[in-house]
Amino acid sequence: MSTIFKKIIDKEIPADIVYEDDLCLAFRDIDPKAPVHILIIPKKEIPSMAEVSENDKELIGHLYLVASKIAKDEGVSDSGYRLAVNTNNEGGQEVYHLHIHLLGGRQMTWPPG
Ligand code: DGP
């Protein structure tokens, strides 16, 4: 089932897009939890990490490489940042289209809530 992120991919609703290529899209979170809060999503509709398959190996790697590049572009690579993939209910996932949260620009705490 498609989510709001599919509409962002299809440019049916606006988003503050910071990166796009054939495989993925990255845009600023609508409700930022840090000065830098960007979502990196595959264009392929994968609901969550619980649904990834062997076929998605390169795609998942690509998403993380893009996240690393965006962190540099956003100026948080040296200071540090967090990549998080909330998965299913107890993981705190709300939108069931796989996404990596890139959070930076402030001190992160551990453990996360
Ligand atoms: P998660 O809980 O991991 O599923 O996070 C979903 C994130 O998506 C949440 O931080 C808010 C963000 N979000 C939800 N709807 C929209 C939207 O329409 N636009 C943007 N830019 N972000 C959204």
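The values are calculated or read from the model by the stated rules, or taken from the named source; none is laboratory data. Small disclaimer: the values here were computed from a predicted structure and weren't measured. Every residue, glycine among them, receives a Cβ derived from its backbone with ideal geometry; neighbour counts consider all protein chains shown.
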Practice task
Could you please tell me which pairs satisfy a Cβ distance under 7 Å, a separation of 6+ or placement on different chains, a first residue in the range 21-37 that is under 19 Å from VAL76 (Cβ atoms) and within 13 Å of the ligand (Cβ to nearest atom), and a second residue that is at pLDDT 95 or above and among the basic types (Lys, Arg)?
Solution key: ALA34/ARG106; HIS37/ARG28
Practice task
Name every residue in the range 76-89 that is within 17 Å of the chain's Cα centre (by Cα), farther than 20 Å from PRO42 by Cα, in a loop (DSSP other than H, G, I, E, B) and touching a residue at least 24 places away in the same chain (Cβ under 8 Å), in order of residue number.
Solution key: VAL76, GLY80
Problem - Residues located in the range 13-31, provided they are in a loop (DSSP other than H, G, I, E, B) and over 14 Å from HIS99 (Cβ atoms) - result: ILE13, PRO14, ASP16, ASP21, ASP22
Fill in the blank from the handout: Counting only residues in the range 63-73 that are surrounded by fewer than 17 Cβ atoms within 10 Å (Cβ to Cβ) and touching a residue at least 40 places away in the same chain (Cβ under 8 Å), the one farthest from TYR96 (Cα to Cα) is identified as ASP73
Handout entry: Residue tally, condition within 11 Å of the ligand (Cβ to nearest atom) and either in a strand (DSSP E or B) or over 18 Å from HIS101 (Cβ atoms) (or both), over the range 38-62
Key = 3
Exercise for the section: Enumerate the pairs (first residue in the range 90-110 and within 8 Å of the ligand (Cβ to nearest atom); second residue anywhere and assigned to a loop (DSSP other than H, G, I, E, B)) with beta-carbon separation below 7 Å, excluding pairs fewer than 6 apart on the same chain, so at least 6 apart or on different chains. Expected result: GLY92/ASN86; GLN93/SER48; GLN93/ASN86; GLN93/THR87; VAL95/THR3; TYR96/THR3; TYR96/PRO47; TYR96/SER48
